[in-house]
Structure formats: structure tokens, C-alpha cells
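This report concerns only the one structure given below.
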Amino acid sequence: MPRRTLRLAPLILGLSLLSACSQGGSEPEPDGGNLIRNGDFELWAGPLPEGWHLEQGSESYISKQRGDDGLQAVFGGDKRELVLIASDLTRVSAGAPYTFSLEYYQGSGDGFTTGSYLEVRWLDQAENIIGRSILEGTAVGRWSTLEHTVSAPEGAIFASVAVGRAPIPSVVAIDNVALYERR
């Protein structure tokens with residue numbers, strides 16, 4: 001074998017391994033962008049983020065704060081009350097897999113085991129709820145991620161994401177809410 005071929009062999013092997021590693025992975029990539037408008041809470045219209053409406057609780061428990069990468073929605077209050085905002089409806093395809101997620105921070109926890117709340121609601125053509133997927137975060141004192149992949153139920157035409165604070169007297173910051181269709 002000529003000498004220059006021997007020098008190229010490690011380079012070709014390295015590139016082959018790099019290509020195999022970057023193509024591998026068990027999680028499929030998102031197909032397109034985030035389906036939730038203003039999921040990073042950078043735009044606000046009065047007391048609520050644009051593209052979101054009050055679902056449950058009081059607007060007085062919802063505020064914005066500047067974080068390391070922009071604005072976050074903060075859910076507070078001293079009552080045992082679910083405080084939720086919900087995103088505008090977005091179109092989905094029945095049977096298709098979707099991943100929904102958010103990042104959250106719960107302070108001291110005050111002895112409670114849940115804080116953040118994430119719910120995807122699947123709706124039919126008449127905008128009736130035909131299915132739900134719910135996650136609650138339990139991490140305290142650090143930023144954490146809630147994430148789940150599930151297929152939209154048969155008959156689903158729309159989805160809406162509701163986020164907020166579980167019914168505990170605690171403060172939870174939420175950011176980067178997302179809903180992606182998976183390939």
C-alpha cells in the first residue's frame with residue numbers, strides 16, 4: 001500500500017465514525033419548528049404572554065421576569081390553586097407523534113413534591129377536548145425539563161398546551177414551552 005494511502009486511512013476512519021455518531025441516536029428529530037406561538041414568553045400583551053390566555057386561577061399570580069436567556073413566565077401565589085395559562089390552538093395530525101416540553105424552576109418547594117404543570121389538550125374539529133397528556137415537575141432548586149412524546153389521538157385536529165403551577169403555595173418559573181411533530 002502506498003504511503004499516502006496509509007496517512008489517509010485514519011482520516012477516513014475518523015470521518016466515518018463521526019458521520020455514524022451524528023446520524024445515530026434513538027430520538028427522532030423535530031419535523032419543523034415549534035408549534036407553540038411565543039413558547040419562550042418573549043412577547044407580552046398586558047399581564048399575559050402574547051398567544052396565551054388565562055385558563056385557571058388569577059392573573060395576579062402570573063408575572064414576567066428576566067432570566068439568563070430572556071423572559072420567563074412566573075407563577076406565584078399563596079393559595080392551593082392551580083394557576084394555568086393556555087396557548088392558542090395549533091393544527092395537528094391525528095396519529096402523528098408529538099413531543100411536548102418545557103423548562104421550569106421551582107424554588108424551595110416548601111415541602112411539596114410537585115410544582116410545574118404541563119398539559120397538552122387534543123381537540124376535535126368542534127374544539128372539544130378528546131384527550132389529555134399531563135406532566136408535573138418535581139425537581140426543586142434547579143432548572144429542569146419536562147418532556148414527553150405521545151401520538152395525537154384519532155380525531156385530533158388541534159392541540160393546545162396549558163402550563164403553570166400545580167395547586168401548591170409555591171413559586172414556579174417556566175420557559176421554552178414547545179410542541180414538535182416528530183418524524
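The values are calculated or read from the model by the stated rules, or taken from the named source; none is laboratory data. Since we're looking at a predicted model, the values are computed, not measured. Don't worry about glycine lacking a Cβ; one is built from the backbone with ideal geometry, like all the others, and counts go over all protein chains shown.
Being within 14 Å of GLU55 (Cβ to Cβ) and either assigned to a strand (DSSP E or B) or modelled with pLDDT of 95 or more (or both): is that true of SER160 here?
Working: within 14 Å of GLU55 (Cβ to Cβ): yes; either assigned to a strand (DSSP E or B) or modelled with pLDDT of 95 or more (or both): yes.
Yes, satisfied.
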Selection from the stretch 130-168 of residues surrounded by 21 or more Cβ atoms within 10 Å (Cβ to Cβ) and polar (S, T, N, Q) yields SER160
Out of (1) under 18 Å from the mean Cα position of the chain (by Cα); (2) assigned to a strand (DSSP E or B); (3) modelled with pLDDT under 85, the one GLU55 does not meet is (3)
Of the residues in the stretch 76-120, those that are modelled with pLDDT of 90 or more and assigned to a loop (DSSP other than H, G, I, E, B) number 7
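Filter the stretch 124-139 for residues that are in contact with a Ser or Thr (Cβ under 6 Å, 6 or more places away or on another chain) and not in a loop (DSSP other than H, G, I, E, B) and give the result.
As a first pass, look at the stretch 124-139 and keep what is in contact with a Ser or Thr (Cβ under 6 Å, 6 or more places away or on another chain): 136-138.
Answer for the stretch 124-139, where residues must be in contact with a Ser or Thr (Cβ under 6 Å, 6 or more places away or on another chain) and not in a loop (DSSP other than H, G, I, E, B): just GLU136.
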The condition from (1) surrounded by 21 or more Cβ atoms within 10 Å (Cβ to Cβ); (2) modelled with pLDDT of 90 or more; (3) assigned to a strand (DSSP E or B) that ALA173 misses is numbered (2)
